[in-house]
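K.L.:
Sharing a structure, written as structure tokens. Questions coming.
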């Protein structure tokens, strides 16, 4: 199974179009949050962005797994009904080939789990997981840059209990010290973000060959063959 992992598009429309064009070259694409950009402010509000992304998801030609990040999430106001709040706008986009927050499904020997922002991952069963979560596990090279640590301790605890051979796909930190890390029996990945690039940073994962290749920041790195490190 060939997977394409991307993250943190922050409403860069050309990156969405690139991902859709690439999707038919892979068995599945994995988008780990921050599709929207909260700091665009009044110019393009989050609800307008969410409608655009939902329309894009409706036409997505391949198989996609996606989870929310902190930029994709605004809190519900109990004074009004808002079905788009708390990541509801993404859940509305779910269909057979677009699986989102709350997904837990077996495919090709792996359990795909899409964890919503600000939730603790729950992975059931003994099959190795492909866990999509926005914040990377705490205290790993993919969760810190230049001494700043924003990893999630609850994610780290959950990853430590995953079945051997699991894969953890995340984002959130734009300039991680490394694009990969080992935690327990799982390999964890974060492609980071090159804000000025025409093509988003991405990681190509081949679960049959047990290898991953990074492309971004003007470099190609890998393949990392985790079978050789087990």
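The values are calculated or read from the model by the stated rules, or taken from the named source; none is laboratory data. Fair warning: this is a prediction, and the values are worked out from it, not measured in the lab. Positions of Cβ are generated from backbone atoms using ideal geometry, with glycine treated the same way; all protein chains shown enter the neighbour counts.
K.L.:
Spot the failing condition for residue 177; the list is (1) surrounded by 23 or more Cβ atoms within 10 Å (Cβ to Cβ); (2) in a loop (DSSP other than H, G, I, E, B), and only one is missed.
P.N.:
Of the numbered conditions (1) surrounded by 23 or more Cβ atoms within 10 Å (Cβ to Cβ); (2) in a loop (DSSP other than H, G, I, E, B), the odd one out for residue 177 is (1).
K.L.:
Now, a different point. Restricting attention to segment 159-174, and to residues there that are closer than 18 Å to residue 211 by Cα and buried (at least 23 other Cβ atoms within 10 Å of the Cβ), which single residue is farthest from the chain's Cα centre (by Cα)?
P.N.:
Checking each candidate, the answer is 166.
K.L.:
Tell me which residues, restricted to segment 180-203, are touching a strand residue (DSSP E or B) at 6+ places or on another chain (Cβ under 6 Å) and surrounded by fewer than 19 Cβ atoms within 10 Å (Cβ to Cβ).
P.N.:
Once the filter is applied, which keeps residues that are touching a strand residue (DSSP E or B) at 6+ places or on another chain (Cβ under 6 Å) and surrounded by fewer than 19 Cβ atoms within 10 Å (Cβ to Cβ), segment 180-203 yields only 194.
K.L.:
Might you check whether a residue that is in a helix (DSSP H, G or I), touching a residue at least 60 places away in the same chain (Cβ under 8 Å) and buried (at least 19 other Cβ atoms within 10 Å of the Cβ) occurs anywhere in segment 134-147?
P.N.:
no
K.L.:
Against the conditions (1) surrounded by fewer than 24 Cβ atoms within 10 Å (Cβ to Cβ); (2) part of a loop (DSSP other than H, G, I, E, B); (3) in contact (Cβ under 8 Å) with a residue 12 or more places away in the chain, where does residue 156 fall short? Just the number, please.
P.N.:
The one condition residue 156 does not meet is (2).
K.L.:
Turning to a different aspect of this structure: Considering segment 28-44 alone, what residues qualify as being more than 20 Å from residue 179 (Cα to Cα) and in contact with a helix residue (DSSP H, G or I) (Cβ under 9 Å, 6 or more places away or on another chain)?
P.N.:
Of everything in segment 28-44, those that are more than 20 Å from residue 179 (Cα to Cα) and in contact with a helix residue (DSSP H, G or I) (Cβ under 9 Å, 6 or more places away or on another chain) turn out to be 36, 37, 38, 39, 40, 44.
K.L.:
Taking only pairs six or more apart or across chains, which ones have beta-carbon atoms under 6 Å, a first residue in segment 47-67 that is without any contact (Cβ under 8 Å) to a residue 60 or more places away in the chain, and a second residue that is surrounded by fewer than 13 Cβ atoms within 10 Å (Cβ to Cβ) and not in a loop (DSSP other than H, G, I, E, B)?
P.N.:
Close Cβ pairs satisfying both conditions: 61/24; 62/24.
K.L.:
Sticking with this one: Touching a helix residue (DSSP H, G or I) at 6+ places or on another chain (Cβ under 8 Å), within 17 Å of residue 132 (Cα to Cα) and in contact (Cβ under 8 Å) with a residue 40 or more places away in the chain - does that describe any residue in segment 12-27?
P.N.:
no
K.L.:
Looking at segment 117-133, which of its residues are assigned to a loop (DSSP other than H, G, I, E, B) and over 14 Å from residue 171 (Cβ atoms)? Even if it seems obvious, please write down each step before you answer.
P.N.:
Of segment 117-133, the ones assigned to a loop (DSSP other than H, G, I, E, B) are 117-128, 133.
Result: 118, 119, 120, 121, 122, 123, 124, 125, 126, 127, 128.
K.L.:
If I go through segment 205-217 residue by residue, how many of them are touching a residue at least 12 places away in the same chain (Cβ under 8 Å) and farther than 14 Å from residue 130 by Cβ? Working first, answer last.
P.N.:
The initial filter retains those residues of segment 205-217 that are touching a residue at least 12 places away in the same chain (Cβ under 8 Å), namely 205-212, 214-217.
This time we only want the ones that are farther than 14 Å from residue 130 by Cβ, so: 209, 211, 214-217.
Residues in segment 205-217 being touching a residue at least 12 places away in the same chain (Cβ under 8 Å) and farther than 14 Å from residue 130 by Cβ: 6 in total.
K.L.:
Does residue 102 satisfy the criteria of being modelled with pLDDT of 95 or more and more than 13 Å from the chain's Cα centre (by Cα)?
P.N.:
yes
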